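> Quick one: the structure is below, questions incoming.
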Amino acid sequence: MFLQHPFVRVLSISAFLGVAMAPADAPNGGIASAGSGKERSDPGPIRSPERPAPTQSPSSPDACPTGMVLIEGEYCSDAEQVCLKWLDPPPYQNLRCGEYAKPVKCRSPRQARRFCIDREEYAEPSSDPKSAMPLVNKSWLEAKAICEGRSARLCKETEWEFACEGPEMSPYPYGFKRDSNACNIDRTDLGGPNGRLTDHRAPLSAFPNCVSPFDVHDMVGNVDEWVEREHVAAPNRSALRGGWWLPGRNRCRAATLHHSESYAAKQVGFRCCQDGP
């Protein structure tokens, strides 16, 4: 049975093994009612791909390791982001916003942040840097182990959010107006009757305009990214941020919370963070 959308014709959610489809995305950064991911079996022993840990630049003792960006500033936990123009008709309203009001109002005390984050999505091991693709099909538990194996960690949810939107709290990493060409988003040819999701990953930094105010790349679209929810105990620590290549929310404050820590899929990747120098 097909799920109809003005922009997408894909199989049902169950056919895609619980991937977060466009209508499952909740508005305004809320909880997306996507599949729980419990139908996947346990991924088994966690093995970290062979990849050298980032090295500290000897000439810059206060810098982040090579390949990471220093994020420093004041983060707002409660940002009032008002959409001026929604793009999709019912029942997909409040899904994709064409333009947000500027400036965004912060409704909470700002909190100081200082940490390092990978400039790029974590790449497949031993791949050519010029054509490196994001590593996918790793569960939250596996991604956590990979980051810890290089003396880093998964990004906290608020860290990822701040690195994406910057101090102006821009809804998209590139600004306040949605741009389907800026990032790897809004692909409509998602799959066919065989129930297999088409792999539309793009190489790292293939979209030069998909850059956040902190110069972090591909934070929306391309692949969803695992992050760690703060003040939440196992087995509910996992969250996905940024969305993937489908016509979804694909903005900095949107989150999918209903996939388990053992869920893995071909549209799910991650990047690592660590405490600031």
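> Using only the alpha carbons of the range 122-194, determine the length spanned along each of the three principal axes and report them from longest to shortest in whole angstroms.
That works out to 42, 38, 27 Å along the principal axes.
> So if the hydrodynamic radius of the range 217-277 is defined as the Kirkwood radius over C-alpha pairs, what does Stokes-Einstein give as its diffusion coefficient at 37 °C and 0.692 mPa s, in µm² per second? Mind showing how you got there, number by number?
Numbers: Rh = 12.2 Å.
Rounded to a whole number, D works out at 269 µm²/s.
> Oh, and also: Against the globular-protein guess of 2.2 N^0.38 Å, express the Cα radius of gyration of the range 129-274 as a ratio, rounded to two decimals. Display every interim value, and only then the final one.
Working: Rg = 14.5 Å, N = 146, 2.2 N^0.38 = 14.6 Å.
Cα Rg divided by the expected 2.2 N^0.38 Å: 0.99.
> Also, quick follow-up: Can you give the FRET efficiency to the nearest 0.05 for residue 63 and residue 85, using r as the Cβ-Cβ distance and R₀ = 51 Å?
Efficiency computed from Cβ-Cβ geometry: 0.80.
> Further, regarding this structure: Give the lysines reachable from residue 85 as a straight Cα distance under 25 Å; neighbours fewer than 8 places away on the same chain don't count.
102, 105, 177
> Further, regarding this structure: Straight-line reach from residue 156: which lysines have a Cα under 20 Å away, not including same-chain ones fewer than 8 places off?
138, 144
> Report the Rg/Rh value for the range 91-158, based on alpha-carbon coordinates and the Kirkwood definition of Rh.
Numbers: Rg = 17.6 Å, Rh = 16.1 Å.
Ratio of gyration radius to Kirkwood radius for the range 91-158: 1.09.
> Once both labels are modelled 7 Å past Cα along the beta-carbon direction, what's the residue 198-residue 77 spacing in nm?
Label at residue 198, label at residue 77, 4.3 nm between them.
> Under a point spin-label approximation (7 Å from Cα along Cα-to-Cβ), what is the residue 93-residue 233 distance to one decimal in nm?
4.1
> So what's the Cα pair-distance distribution over the range 183-259, bin width 10 Å, in %?
Pair shares across the bins are 18, 43, 30, 9, 0.
> So what's the gap between the Cα centers of the range 66-88 and the range 259-277, to the nearest angstrom?
First find each Cα centre; the distance between them is then 19 Å.
> Enumerate the residues in the range 70-111 having an amide nitrogen under 19 Å from the point lying 7 Å beyond the Cα of residue 179 toward its Cβ.
Zone members listed by number: 84-85, 87, 96-104.
Rule-based calculations on the coordinates, nothing more; no lab input. Since this is a predicted model, take the numbers as computed values, not measurements. Positions of Cβ are generated from backbone atoms using ideal geometry, with glycine treated the same way; all protein chains shown enter the neighbour counts.
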